[in-house]
Every structure is written in structure tokens, then in C-alpha cells.
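A short write-up of the structure that comes next.
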Amino acid sequence: MAGARPTIRAISESVGCSVTTVSMVLSGRAEEFRISAATRDRIIQTAREMNYQPNLHARNLRFGTSNIVAIMVPTLTHRFFSGMAEAFERLARTNGLFPLIIATHHDKTEELDAIDYFISQNVDCVFTANSAAMSEVSKTCRRARLKQIVIDAHNGGGGHVVTTDSFAAAQVLTTRLLQRIAAAKKSGPVYFVGGMPDHSVTRRRLDGFLAALSAHAIAFEGEKPFVPTPFNAGQAREVFADMFARSEKFAGIFVNSLAVMEGLLLYFRQNRERCREVRYAVFDYHPFMEAVDLDYVCVRQNAETMMSMAFSIYLKGLDAGGDQIHFAPYELIESEPIR
């Protein structure tokens, strides 16, 4: 029928082989069934000429597998996570898998609902990125025997983790911030702004920040110099407005995430000179920062590299090498100093 989708039966009639032989070749099992190389090549060439596309869903039902892989990210509006999701989708398609992507908005209930949905769809493996409910998510995956690879977080329950070394990177970032403060002959307290106290990545970055302060003999009074905010630009802007209104002088701010940095930039629009007096350390990076007249150093993570590392672990098999933390590379990027 003109315009009809080519079928295995049409290929078998064209090459003069049985439907079973064609099916075994197209499913990659020619050698297993001792099909000759000449026959295999003829079938593959004919399938290409006829633009044959396999019905993966039907094949998976037949073999009792789903070939579905999933990723759970906090948001798709964040450059880092959208790049990760795009890399995931590309890798899934390249390897003949069905990709599922869900954004959970840093909401613990949405994360657990997403995991339940993945389980209902018989997902083979879920990649969980920067989960707010890391412990609960991992427990649910283990109970359901759902394969899990953690990305951009630290999983206390074992398993494979692909992440930036948040503690070490934050320590290096803070050390460089303190050096820039000293070079500019600034004085005053240094604050860590952004994230929630129960967020695992925030905790590790805060620990790295505090370690750098301690190494430079910088003490603080009362509570830790941590100003929590949700990962929301509007709410972060209000936090910065309050900080600058309450304090006559502080030397530096560690900005934890791009969403929080966006909040700072919203405040910066009406308070340029006040913001320019402060030095900033930012975890992560966006090209828009290069257009802003602020003194900063930032950590740039590579979301695509993280996703490639995680997908490679999945393809090799999660049992290979046992539970491991795999650290992805990062780099420091700095603005020109403001004098």
C-alpha cells in the first residue's frame, strides 16, 4: 500500500527469507542463530533502502522489557538541568531507549510521585538529579528494585553517584573569593546565601565554605553565616534586599545556585553601586554573568559530562565496580576585578 509503513514481512518478501530470519537479524541476534553474514548484510541493506523503523514498543512487549529510562530534575528552566535533560534524551534515543523526563520543582512530594509513576511504567533505570528528598527517593527505588543513578547529589544509601565534589569545589571557590576580597582591601563578614538546611548538596557546599573560612582564621559570631532561601529568583531577590538594608557593610557573598544569582541580579538592577562594593562566589555559571558589572568567581559544572558518565555506568551495568562516587570535572571562571 503506497505510503504504508514498511514491515518485517515486506522485507522478508523482498529478500526471500523467512519473517523469523529477518526478525532475528534486525534484533541483533544473527550470530546467535547462525545466520550467514551475507544474508544478514542483505537484510540490513534492504531494511535501510525501505526506510524500515522498528516498533520498539511492540518489540519490548514481546521480549518482556520496557527499555524505558527516566530522569527526574528539579527544573528545566535552569541552564544546568536543561542541558542535563537534553543530554539524557539524546543518549537514550541513540541507544534505542524510550526517555521519560519529569521536572519536580524542588518539591519532595512531586519527587516521590514521579518515582511512583516511573515504577508504574516499568522503567528500567531512573537518573535522579539533585533530589530534595534524596533519602526517601532512594529507599523507594530500592524497595521497588528500580535501578537508580544519582546525579549532582550525594546518596547516603549507596549506589552509583555522579557529581561535582561539592565540598572541595566550594572550599576552592570560597578561598578564591577571600583572596579577591583581600586584594581589593575590603573588610567585613562573608555570607553563604541560598538553599535549604535539609538539602544535601547545600549542606556539603556550606561545609566547604565554612572549611575555607576556618583555614583563613575567619571567625563569626552566633549562628553560621548561612542565609537560606528557596531556589527561586523572586524570593532570593527579597532576601538580598533585606540583607543589604540591614547591614551597612559586608565583604563577600557565596551565592548557592543560578536561581539565587538571578535574584541578586534582580536586586542589582536598582542598586548597582551598592552591589558592586561586594565580592561574589557563585556556584554555578551562566554566560549572562559576563555582561554584568560585578566582581565574581564561579564554579562551572559540566552537565553534559555528568550525564554521559552516568549513562555509561548504566550501559555497563550497575553491578560493575559496585557502589561508587564518580566526581565530574569542574572549572573556575573569574571576572575582571573591580577596583
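Results for (1) of a type outside the set (A, V, I, L, M); (2) within 23 Å of residue 194 (Cβ to Cβ); (3) more than 15 Å from the chain's Cα centre (by Cα), shown as yes or no for each residue.
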| position | (1), (2), (3) |
| --- | --- |
| 76 | no, yes, no |
| 88 | yes, no, no |
| 93 | yes, no, yes |
| 147 | yes, no, yes |
| 150 | no, yes, no |
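Residue count for segment 88-110 satisfying the condition of being in contact (Cβ under 8 Å) with a residue 60 or more places away in the chain, surrounded by 15 or more Cβ atoms within 10 Å (Cβ to Cβ) and not aliphatic (A, V, I, L, M): 2. Taking the numbered list (1) under 25 Å from residue 99 (Cβ atoms); (2) among the hydrophobic types (A, V, I, L, M, F, W, C); (3) surrounded by fewer than 20 Cβ atoms within 10 Å (Cβ to Cβ) in turn, residue 259 passes all entries but (3).
When residue 282 is tested against the conditions (1) farther than 24 Å from residue 331 by Cα; (2) of a type in the set (A, V, I, L, M); (3) in contact with a Cys (Cβ under 6 Å, 6 or more places away or on another chain), the lone failure is (1). Only one residue in 219, 236 is among the aliphatic types (A, V, I, L, M), over 21 Å from residue 296 (Cβ atoms) and either crowded, with 20+ Cβ neighbours inside 10 Å or modelled with pLDDT under 90 (or both). Which one? After applying the criteria, what remains is 219.
Does residue 203 satisfy the criteria of being without any contact (Cβ under 8 Å) to a residue 24 or more places away in the chain, on the phi > 0 side of the Ramachandran plot and within 25 Å of the chain's Cα centre (by Cα)? No: the conditions fail for residue 203. For residue 290, the conditions (1) touching a strand residue (DSSP E or B) at 6+ places or on another chain (Cβ under 9 Å); (2) exposed (fewer than 12 other Cβ atoms within 10 Å of the Cβ); (3) closer than 29 Å to residue 104 by Cα; (4) acidic (Asp, Glu) all hold with the exception of (3).
The residues of segment 163-199 that are touching a His at 6+ places or on another chain (Cβ under 7 Å) and either surrounded by fewer than 23 Cβ atoms within 10 Å (Cβ to Cβ) or at pLDDT 95 or above (or both) amount to a single one, 178.
Quick one: which strands (runs of 3 or more DSSP E) lie wholly within segment 127-202 and hold at least 2 residues that are touching a Phe, Trp or Tyr at 6+ places or on another chain (Cβ under 7 Å)? Before the answer, list the steps.
Values: elements: 147-151, 160-163, 190-193.
Once the strands (runs of 3 or more DSSP E) in segment 127-202 are filtered for at least 2 residues that are touching a Phe, Trp or Tyr at 6+ places or on another chain (Cβ under 7 Å), what remains is 147-151, 190-193.
Filter segment 103-135 for residues that are in contact with a helix residue (DSSP H, G or I) (Cβ under 6 Å, 6 or more places away or on another chain), more than 20 Å from residue 258 (Cα to Cα) and either outside the structural domain of residue 310 (by TED's automatic domain parsing) or not hydrophobic (A, V, I, L, M, F, W, C) (or both) and give the result. If the condition is that a residue be in contact with a helix residue (DSSP H, G or I) (Cβ under 6 Å, 6 or more places away or on another chain), more than 20 Å from residue 258 (Cα to Cα) and either outside the structural domain of residue 310 (by TED's automatic domain parsing) or not hydrophobic (A, V, I, L, M, F, W, C) (or both), then 111 is the only one that fits. When the residues of segment 9-34 are filtered to those that are β-branched (Val, Ile, Thr) and within 26 Å of residue 97 (Cα to Cα), the one that is surrounded by the fewest Cβ atoms within 10 Å (Cβ to Cβ) is 20.
The values are calculated or read from the model by the stated rules, or taken from the named source; none is laboratory data. Bear in mind that the values here come from a model prediction, so they are computed numbers and not experimental data. As a convention, Cβ positions derive from the backbone with ideal geometry for all residues, glycine included, and neighbour counts pool all protein chains shown.
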